[in-house]
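So that we are looking at the same thing, I have put the structure below in structure tokens.
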Amino acid sequence: TRGSVPAAPGVTALQGASWALLLSAEGQVRDPLPTAEGKRGCLLRRRRLDYVNHARRLAEDDWAGVESEDEEEEEEKDANEEEMDVDVPRKLPKRYANQLMLSEWLVDVPSDLEQEWVVVVCPIGKRALVVASKGSTAAYTKSGFCVNRFPSLLPGGNRHNLLNDKVYSILDCIYNEAKQTYYILDVMCWRGHPVYDCQSDFRFFWLLSKIQEEEGLGEKSRINPFKFVGLQNFPCTSESLCKVLAMDYPFEVDGLLFYHKQTHYTPGSTPLVGWLRPYMVPDILGLTVPATLLTAKPDYAGHQLQQIMEHKKNKKLAAGKSHLSNKEAAKNGCYELEHLSTPQPANSPEGQDEAVSQMEN
């Protein structure tokens, strides 16, 4: 909830409880350990809590104060490269990279799936970070590249409905080119109010209620050239999942995203968001589902399931042996799903590459 102290990514429940005790009556973080390591840890935790400033930076493209940190990291990296005698060109920082919360394959089924999880049916498309601010709307890839800029009826996304500079919105979307539609998966900020630290079930409820208040958002027009449509979520009971797989959808279905109800929005890959292709539900979840187009197994089904299982197994083995830092692990392992897209049949070169890339990216 908004009133509680959220647990930061990578912080255990015990650490989170200790973290809460560090907050003084004035809301300032106190350092119980007068050591450099203790101060650094508190600084990192406080930074993770700074959702308001993070949303503002994304909305205003204002990274003052962050520049010095990047320069220090770049200088350290350059020094290491000089030692190795490697000539690497200096890269511009990608401020909008790795801002999306990405899934992992739902191979290890949680015991509380029916009670504590919801499922979202996803259309075929590409993941996009959408930022509406200063009277314009921008769409970024997972890697941080701006691929489109246009007006929209999102709060802050059109100069005609811009009341002040503090009105901005940040969304996690799937863009379907055929439908010219941004399907909204999740919300990180709406009308200047960040909800990174809110639970998934609240974010989904709040998002759908806010979308309904914005007239014309789901229709194409001169000032809203792309539709913005919210995606529904459903319970994960056996009965509900069977109904979900038997329903008709206004788009071509790619797969199912499973969200833990209490998950805060944390950029990066997380096991609290799971991904399955519809045909995998009987094998992975052990359900008897209706025979529909969604549940029909493609030719590459066995090949893909085998690859997923092997990939998961190898990741666990590597994690057990590795002592990499979080930054190094993210660099080497990347994310399992760069975007949502249906692979080609496994017997084609494209299909084999695609099946692997979905797991590796």
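The values are calculated or read from the model by the stated rules, or taken from the named source; none is laboratory data. These numbers were taken from a predicted model, which means no experiment stands behind them. Using ideal geometry, Cβ is built from the backbone for each residue, glycine included, and neighbour counts are taken over all protein chains shown.
Check off (1) assigned to a loop (DSSP other than H, G, I, E, B); (2) at negative phi; (3) at pLDDT 50 or above for G65 and give me the number that stays unchecked.
Here G65 clears every test but (2).
Among the residues of the range 142-159, which ones are closer than 16 Å to F226 by Cβ and either modelled with pLDDT of 95 or more or out of contact with any Pro (no Cβ under 8 Å at 6 or more places or on another chain) (or both)?
First, the residues of the range 142-159 that are closer than 16 Å to F226 by Cβ: 146-158.
Within the range 142-159, C146, V147, N148, R149, F150, P151, S152, L153, L154, P155, G156 meet the criteria.
Taking V195 as the residue in question, decide whether it is under 24 Å from P235 (Cβ atoms) and touching a residue at least 40 places away in the same chain (Cβ under 8 Å).
yes
Ok, one more. Could you please find all residues in the range 141-159 being in a strand (DSSP E or B) and over 20 Å from the mean Cα position of the chain (by Cα)?
R149, F150
Go through the residues of the range 212-231 one by one and say whether even a single one is under 19 Å from P290 (Cβ atoms), modelled with pLDDT of 95 or more and among the polar types (S, T, N, Q).
no
Out of (1) closer than 14 Å to V167 by Cα; (2) touching a Gly at 6+ places or on another chain (Cβ under 9 Å), what's the single condition that is false for L154?
Here L154 clears every test but (2).
Do we have D186 as closer than 23 Å to Q99 by Cβ and in contact with an Asp or Glu (Cβ under 7 Å, 6 or more places away or on another chain) here?
Working: closer than 23 Å to Q99 by Cβ: yes; in contact with an Asp or Glu (Cβ under 7 Å, 6 or more places away or on another chain): yes.
Taking the combined requirement at face value, the residue satisfies it.
Working only within the range 226-248, note down all residues that are within 23 Å of the chain's Cα centre (by Cα) and either over 30 Å from L113 (Cβ atoms) or surrounded by fewer than 18 Cβ atoms within 10 Å (Cβ to Cβ) (or both).
Answer for the range 226-248, where residues must be within 23 Å of the chain's Cα centre (by Cα) and either over 30 Å from L113 (Cβ atoms) or surrounded by fewer than 18 Cβ atoms within 10 Å (Cβ to Cβ) (or both): F226, K227, Q232, F234, P235.
Rundown of residues vs (1) under 22 Å from the mean Cα position of the chain (by Cα); (2) farther than 19 Å from L113 by Cβ; (3) not basic (K, R); (4) not assigned by TED's automatic domain parsing to the domain that holds E114, yes/no style:
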| position | (1), (2), (3), (4) |
| --- | --- |
| D254 | yes, yes, yes, no |
| T263 | yes, no, yes, no |
| P267 | yes, yes, yes, no |
| L272 | yes, no, yes, no |
| R277 | yes, no, no, no |
| P282 | no, no, yes, no |
| G286 | no, no, yes, no |
| K313 | no, yes, no, yes |
| A318 | no, yes, yes, yes |
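Condition check ((1) of a type outside the set (V, I, T); (2) assigned by TED's automatic domain parsing to the domain that holds Y249; (3) surrounded by fewer than 20 Cβ atoms within 10 Å (Cβ to Cβ)) across all residues:
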site: K179; (1), (2), (3): yes, yes, yes
site: I184; (1), (2), (3): no, yes, no
site: H193; (1), (2), (3): yes, yes, yes
site: S209; (1), (2), (3): yes, yes, yes
site: E219; (1), (2), (3): yes, yes, yes
site: N224; (1), (2), (3): yes, yes, no
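Do we have I211 as over 22 Å from the mean Cα position of the chain (by Cα) and β-branched (V, I, T) here?
no
Another one. Which one of the conditions (1) under 28 Å from K261 (Cα atoms); (2) touching a residue at least 60 places away in the same chain (Cβ under 8 Å) does L153 fail to meet, given that it meets all the rest?
Going through (1) under 28 Å from K261 (Cα atoms); (2) touching a residue at least 60 places away in the same chain (Cβ under 8 Å) one by one, L153 breaks only (1).
For Y140, state whether it is over 20 Å from K220 (Cβ atoms) and crowded, with 21+ Cβ neighbours inside 10 Å.
Numbers: over 20 Å from K220 (Cβ atoms): yes; crowded, with 21+ Cβ neighbours inside 10 Å: yes.
So Y140 fits the description; yes.
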